[in-house]
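In what follows, a single structure is set out as structure tokens and then discussed.
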Amino acid sequence: MLDGVGEWLSGLFGPWGMTGVLVFIFLIFLIDALVFPTLPELFFVIGFMANPSLVFGLELMAVGVTGQILGMTTLYFIVEHVRIPEKIKRVANKYVNFLILRDERMLLVNHVAPMIPFAGAFISIVDIWRLDRALMYVALGYVMKYSVIMTMSNFFYVYFNDGPYELYMILFVVSLIAISLTAAFIKKRKSDKAHSS
């Protein structure tokens with residue numbers, strides 16, 4: 001059923017080929033950081049299926065982190081130039097104070113256990129957060145997470161190339177997303193209990 005997913009994606013862009021796939025992944029990460037969640041992990045793996053090589057994987061990682069950083073900084077500057085009600089600022093700061101880490105390092109954890117949606121807005125609103133430090137942790141978390149995803153995708157491609165490797169790759173990413181959401185839920189509950197006691 002999943003045979004040829006990568007070929008389908010590359011064929012979708014016709015004459016644009018792999019460049020089209022890279023632009024598509026860039027837009028997925030940009031939209032994920034700027035507008036609404038897009039399951040970028042899943043699309044990253046589907047993009048990798050189009051050309052499961054180390055060079056193309058690194059190109060995917062480069063355009064993905066560029067899209068994510070651009071989306072976050074765009075949202076940051078939008079929020080910086082919009083008058084945010086004090087009530088919303090208090091709620092955002094209170095929410096961050098309930099997390100395990102209260103500074104920009106939370107954005108590193110956010111790649112494993114997503115607890116901060118629209119991070120660009122949070123970077124602007126939270127009093128003690130700085131954009132440069134936040135982007136450093138975002139980039140570091142991105143490289144760590146997507147290096148693992150690319151390595152595992154390459155593993156499935158090399159060792160299961162005669163079988164349904166695409167299915168294994170997608171199941172791996174879906175499992176990773178499920179684990180991340182579960183970890184976020186557990187961390188949030190622990191944080192709530194710690195602050196209520």
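Can you find, among M136, L99, G120, the residue farthest towards the positive end of the dipole of segment 5-196? Put +1 on the C-beta of Lys and Arg, -1 on that of Asp and Glu.
Positive-most Cα among the choices belongs to L99.
If you rank K89, K145 by fewest surrounding Cβ atoms within 10 Å, what's the result?
Ordered by Cβ neighbours within 10 Å, fewest first: K89, K145.
Given charges of +1 on the Cβ of Lys and Arg and -1 on the Cβ of Asp and Glu, with all other atoms neutral, how large is the dipole of segment 5-196 about its Cα centre, in debye to the nearest 20?
With only Lys, Arg, Asp and Glu charged at Cβ, the dipole is about 1100 debye.
Over 27 Å, how big is the tail of the calculated P(r) for segment 40-184, in percent of all Cα pairs?
Here the tail beyond 27 Å accounts for 30 percent of pairs.
Taking the number of other C-beta atoms within 10 Å as the exposure measure, put R105, R130, R83 in order starting with the fewest.
Ranking R105, R130, R83 by Cβ neighbours within 10 Å, fewest first, gives R83, R130, R105.
Just rank Y146, Y95, Y168, fewest to most, by other beta-carbon atoms within 10 angstrom.
Y95, Y168, Y146
We did not get these values from a lab; they are worked out from the coordinates using the rules stated. As the structure is a prediction and not an experimental result, all values here were calculated from the model. Neighbour counts are summed over all protein chains in view; Cβ atoms, including those assigned to glycine, are modelled from backbone coordinates with ideal geometry.
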